[in-house]
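Enquirer: I'd like to ask you about the structure that follows.
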Amino acid sequence: MDTLRHWRDRLIPAAYGQGWMPFYMLGYLVFLFMPLLFDYTGNPRARGIAALLLPTLATLVAFLPLYFATYRTRGRRQLACTLAIAALGYALTPINPFANTYVIYAVSFAALLDRDLSARSIVLVGVLGLFLVEILLLGFPLFVFAITAVIGIAAFFGNHYYAENARKGAALKLSHDEVRRLAALAERERIGRDLHDLLGHTLSLVALKSELAGKLFERDAHAARREIDEVASVARDALSQVRRAVTGIRAAGLAAELASARLLLESSDVAFRYELADAGLAPEVETAFALAVREAVTNIQRHAQARQASVSLVVQDGMAVLCIDDNGRGGALTPGNGLDGMRERIEAVGGSLRVDSMPGRGTHIEARVALSPEARTVRADGIVGAT
């Protein structure tokens, strides 16, 4: 299998995101050999097999390099490959009426040209127009052209919308990467400001008291001792503040996790909304909730087959209540590391976790944790974020 992937990536680079699809599309070449059984009128084939098979195989040998080159090239070379494939169809049509297969390939590739839609449409009309002229000159029935035009135009617009979606997806990924970069930059700046505010005054005070203790050491040892004790007290207090700050930095933020969840789900065509009350959560509780959201959203994206999902955090009767819902397939859940880890984290902060999942009715996850006395004064309807 690895060998097949190696040759696939050599013919069509993995960076193009095409996978095996271009190879599946080669299956349409089977239509080139239909005249071995029937002519274009549907009657049994009377012409000799060699008269059809040899020219068809000759064009096929020329087609395959052009086909893969069309995926790998851009600009004028891609246009040249597309027109060369159409020329193969024109050359083979007098011998093999099903050579319109090449014309359809050329029309579908026209949608992938590195030009705007109007220029690609001109190539589409030109390729089909020349084929119509050939059909008329050869005296073939017009339904040969009609079938070619219908299938070709459908393939053209199918590839057009695929290419547009791919471009939009690439632009969206770039914007997501930029958002993450800016968020990381803002977080680094915030950490820098917090540490400066936290340690700047404290370290200045330590320096001053240390200098004062040094001056008092010869004249008043008792006063110098007192200053040294104060320096030690200030240093211990600063260390405690730094530890609290680092704990806050390391804690997974619920708001940031919800923003990531939105990017993940909406990129998978899952509508997502959330409501986040200002519950004054302790860092360890917020981390447990954030990791629960991460695990649940990952499961929704991978397994639920949902079209909608929501997350809400409210305050009820002195409890912070986190609810995660989706309208996916639901059904019996098999306990695993993800669900067990979620439950263990919630229970570690004194909370409880309940999971309800009914077949065809989605999944409901509810985590409850008691708030500290200070946080219980927060109003339950204080929504700070919604989308």
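Enquirer: Once you order the gyration tensor axes a ≥ b ≥ c over the Cα atoms, which shape class does segment 71-149 get: rounded for a/c under 1.5, otherwise prolate or oblate by comparing a/b with b/c? Present the calculation step by step, with values, prior to reporting the outcome.
Expert: On the way: a/c = 2.61, a/b = 1.82, b/c = 1.43.
The shape class here is prolate.
Enquirer: Pull up all non-local amide H partners of Asn96: gap of 5 or more, or a different chain, and H-to-H distance under 5 Å with H placed in the peptide plane.
Expert: Answer set, sorted by chain and number: none.
Enquirer: Report the accessible area of Phe31, computed with a 1.4 Å probe over the heavy atoms of all protein chains in place, in Å² rounded to the nearest 10.
Expert: In the full protein context, Phe31 sits at about 90 Å².
Enquirer: Largest first, how would Val123, Val150 line up by accessible area (1.4 Å probe)?
Expert: Val150, Val123
Enquirer: Between rounded, prolate and oblate, where does segment 266-319 land on the alpha carbon gyration tensor, with a ≥ b ≥ c its root eigenvalues, rounded for a/c under 1.5, else prolate if a/b exceeds b/c?
Expert: Prolate is the answer for segment 266-319, as a/c is 1.5 or above and a/b outweighs b/c.
Enquirer: Please report the accessible area of Lys215 (heavy atoms, 1.4 Å probe, ligands and nucleic acids excluded) in Å², nearest 10.
Expert: 140 Å²
Enquirer: Show me 279-287, 63-71 ranked by packing, highest mean number of other Cβ atoms within 10 Å first. Intermediate values should be presented prior to the final figure.
Expert: Numbers: 279-287: 20.8, 63-71: 17.8.
Packing order, densest peptide first, comes out as 279-287, 63-71.
The values are calculated or read from the model by the stated rules, or taken from the named source; none is laboratory data. All values derive from a computational prediction rather than experimental measurement. Note that each Cβ is placed from the backbone with ideal geometry, even for glycine, and that neighbours are counted across all protein chains shown. Quick note on the areas: whole protein, heavy atoms, side chains included, nothing else; ligands and nucleic acids left out. Shrake-Rupley method; radii C 1.70, N 1.55, O 1.52, S 1.80 Å.
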